[in-house]
Amino acid sequence: MLVQADQAPAIKILLNNWTSQLVLSHVTGRIFEKMGYEVEYQQSSVSEQWGALSHGVVHVQVEVWEGTMAKAFDRLVAAKSIEDMGSHQATTREDWWYPDYVEKLCPGLPDWRALKGCAHLFSDEKSVSTKGVYIAGPWEKPDEAKIRALGLDFDVSPVEKGDDLWVALKKAVLNNKPIMLFNWSPNWVESRFKGKFVEFPDYHPDCETNPQWGVNKSFLFDCGNPKGGWLKKAAWPGLKNQWPCAYETFKKISLSNDHIAYAAALVDVDNLSYPQAAKRWMDEYPQVWQAWLNSSCRHD
Ligand code: TMO
C-alpha cells in the first residue's frame, strides 16, 4: 500500500535552548521541506536529547558542542545509539568570560590566577557572602569541580534559560559592574561586547580522568575547556534507512564560525523570530546551503 504524502512521517528536528541552534534547526527544516519532506520541530534539553535521539523520538540535532556535550556524545556514538553526522567547519570555545572593563579592576586577567585575588569583586551585592558569583548556563558543566580544583573563591549560579545570561550581561555592562559568566564562541556577543575568556590551564583529556594531572594533584578538572573545540551534528541511527536523501544532505551541512555568529545575531541583536532568521540566513548564504543539496538524490 502506498503511503500518502500527507501521512508520511515527518522528520523531527531537535530544538535546544540557545539561539544559533534554534535558527540553524529552522534552516535545516526549510532545506528538508525544499526537498519535499515534512518536518516537525521538537523542543528538548541537552540532557534529554540523547534519549530522544537514540529512540527516534527526534531525528536530527544540528549543533553538538564539544565543551558541553563531548562525553555523552562519544559514549552514545560508541554504543551506536546515535550516529555521528560529521563536524562543522567551525571551531568552538565555551568557558568563563568577562567584559574587558573587568580587567582594570582585576589586573592579571585573563590568566585565571588573577581570580585568586579578586573573586570578591564578583560577589552578589544583595548577599552577605563575599564569594564571587559565576553565572553559569543551564547546561551541565563541572564548574563546581573546577572551582574546587583550582582553589577559587566562587559560587556557581546557573540561569534557567540561555537568554538570561544576556540579561545579566547587558545589565552589568550598563552599570560598569564586574561580571563573570558562561559564554561561547561563535556567538553574537563577540560582535557587540569586547571581552575575553578566562585562560585556565589548557585542556587535556587527562584533566578529567587523572587527578595527578595538572596544578592540583588530588582533584580532577583543574583545566579549562578545549579552545579549538569541535562542533558536530548527530542523528537517530535509523535516519539513513528511513530518509536516505535527508541523511545525505544532513551529513553535508557544515557551518563556519561566521555562519553561526550571523544566525545568532539575527535574533539576539536584530530581534527576528527563529523562523524569520532562518529565512534571512538562507537569503544571505544561498551558495552555502544549495551546495548541501544532492542533485542525484531527490525526495518526491
Ligand atoms: C552549548 N552552548 C553553545 C550553549 O554552549
Task: Net charge over other residues, Cβ less than 13 angstrom from the Cβ of ARG280 (K, R count +1; D, E count -1) - done: -1
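Diagonalise the Cα gyration tensor of the stretch 183-288 and give the resulting equivalent ellipsoid semi-axes, square root of 5 times each eigenvalue, largest first, whole Å.
34, 23, 10
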Task: Proxy reagent accessibility, fewest Cβ within 10 Å first, across GLU38, GLU160 - done: GLU160, GLU38
TODO: Obtain the nm distance between the two label points defined at GLU284 and GLU103 by a simple spin-label model: each point lies 7 Å from its Cα along the Cα-to-C-beta direction.
DONE: 2.7 nm
TODO: Measure out, as a whole number of angstrom, how far apart the alpha-carbon centroids of the stretch 179-257 and the stretch 36-113 sit.
DONE: 6 Å
- [ ] Take every Cα pair under 8 Å in the stretch 148-300 that's 6+ residues apart, average their separations, divide by the length, and report that relative contact order as a whole percent.
- [x] 21 percent
TODO: Considering the options GLY214, SER157, PRO142, tell which one lies farthest towards the positive end of the dipole of the chain, charges being +1 on Lys and Arg and -1 on Asp and Glu at the Cβ, about the Cα centre.
DONE: GLY214
Open item on the list: If I fit a long axis through the Cα atoms of helix 163-174 and take the longest principal axis of the Cα atoms of the chain, what angle between them do I get, 0 to 90°, rounded to 10?
Closed with: 40 degrees
Open item on the list: Using 20 Å bins from zero, what percent of all Cα-Cα pairs in the chain falls into each bin?
Closed with: 32, 53, 15, 1
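Provide the net charge surrounding TRP292, with neighbours chosen by a C-beta distance below 13 Å and charges set as Lys +1, Arg +1, Asp -1, Glu -1.
Computed value for this residue: +4.
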- [ ] Taking the Cα centre of the stretch 20-179 as origin, sum charge times position over the Cβ atoms of Lys and Arg (+1) and Asp and Glu (-1), and report the length of that vector in debye to the nearest 20.
- [x] 420 debye
Open item on the list: Under the 0.36 nm per residue contour assumption, what length would be gained going from the current alpha-carbon distance of GLU208 and SER81 to full extension?
Closed with: 43.4 nm
Open item on the list: For a Förster distance of 41 Å, can you work out the FRET efficiency between the beta-carbons of SER296 and ASN271, rounded to the nearest 0.05?
Closed with: 0.55
- [ ] State, to one decimal in nm, how far the label point of HIS55 lies from the label point of VAL156, with both points 7 Å from Cα in the Cβ direction.
- [x] 2.7 nm
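Every number in this text was worked out from the coordinates using simple rules, so none of it is lab data. Given the structure is predicted, the values throughout are model-derived calculations rather than measurements. With ideal geometry, Cβ positions are generated from the backbone for all residues, glycine too; neighbour counts draw on all protein chains shown.
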